[in-house]
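The values are calculated or read from the model by the stated rules, or taken from the named source; none is laboratory data. As the structure is a computational prediction, the values presented were derived from the model and not from experiment. FYI the Cβ positions are ideal-geometry reconstructions off the backbone, even for glycines, and counts take in every protein chain you see. Please note that ligands, DNA and RNA were not included when accessible areas were found on the heavy atoms of the full protein model with its side chains. Shrake-Rupley method; radii C 1.70, N 1.55, O 1.52, S 1.80 Å.
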Amino acid sequence: GQQLNQSPQSMFIQEGEDVSMNCTSSSIFNTWLWYKQDPGEGPVLLIALYKAGELTSNGRLTAQFGITRKDSFLNISASIPSDVGIYFCAGHRPGNQGGKLIFGQGTELSVKP
Amino acid sequence: AAGVIQSPRHLIKEKRETATLKCYPIPRHDTVYWYQQGPGQDPQFLISFYEKMQSDKGSIPDRFSAQQFSDYHSELNMSSLELGDSALYFCASSFLAGDTQYFGPGTRLTVL
């Protein structure tokens, strides 16, 4: 079953606004990854987090690995129209030798110019 | 930089037919993963291979099988296709199991 709760499910914002989305779980994760997916395309890696408390930026994107290892957030600053898409969090659970990723349900972002 | 290559990009099959999807990982990546994504869903893990051996198995139907070859490319074989198999199928690769996964563009399978 679903082990990652991602919110919000969708967001409609004005160009230039900041965006925040997050993922939570009742279980701990060893890594957190954030991907962006355009319709009909493969997920594209945005940020990878490997350590509890880690805060990492990639341009206008900032993500953090929660200190409890049960959550992560992604912030997008000064949104632009090309930020439109579906954002997924994903993670590896401890003991998962095969590297299987568990995904959140996704956040669909719409940006109004 | 080289990315994961998947072929074909689109595939249309009839019910009960078979399909073979191919995945070519990023050079020097030794681990491949297969995911299935239904409309409006998040990707669901099917199976993974590390150094040509199956390393993990998810909710993959018995009608599906996969393998990884000596050049590290992988093939997902799907038999007795059902309407519900229509989905996007993604391959991802990483350098070592559990490392950061990079996804291919996907194969859109439509079963009629």
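Observations
- Summed residue charge, Cβ within 14 Å of B:D42's Cβ, Lys/Arg positive, Asp/Glu negative: +1
- Neighbouring partner chain Cβ atoms per residue of B:93-102, average, 10 Å criterion: 5
- Most to least accessible of B:D42, B:D99 (protein chains only, probe 1.4 Å): B:D99, B:D42
- Of the solvent-accessible surface of chain A, computed with a 1.4 Å probe over protein heavy atoms with every protein chain present, carbon and sulfur atoms account for 51 percent.
- Solvent-accessible surface (1.4 angstrom probe) belonging to B:R63, in square angstrom, nearest 10: 60
- Over chain B, Cα pairs under 8 Å with separation of 6+ residues give a relative contact order of 37 percent.
- Structure note, pairs A:K36/B:K52; B:K22/B:K52; A:K100/B:K15: Cα-Cα distances above 22 angstrom occur for A:K36/B:K52; A:K100/B:K15.
- The accessible area of B:F95, taken with all protein chains in place and a 1.4 Å probe, comes to roughly 110 Å².
- Net charge contributed by nearby residues that have their C-beta within less than 11 Å of B:C91 (K/R +1, D/E -1): 0
- Computed accessible area, A:I80, all protein chains, 1.4 angstrom probe, square angstrom: 60
- Partner chain coverage, peptide A:58-66 - average Cβ within 10 angstrom: 0
- Test item: A:91-98 mean partner chain Cβ contacts at 10 Å: 4
- Entry comment: accessible area of segment B:46-102 is 44 Å² per residue, from protein heavy atoms only and a probe of 1.4 Å.
- Mean separation of Cα pairs under 8 Å and 6 or more residues apart, divided by the residue count, gives chain A a relative contact order of 37 percent.
- Summed buried accessible surface, chains B and A, 1.4 Å probe, nearest 100 Å²: 1600
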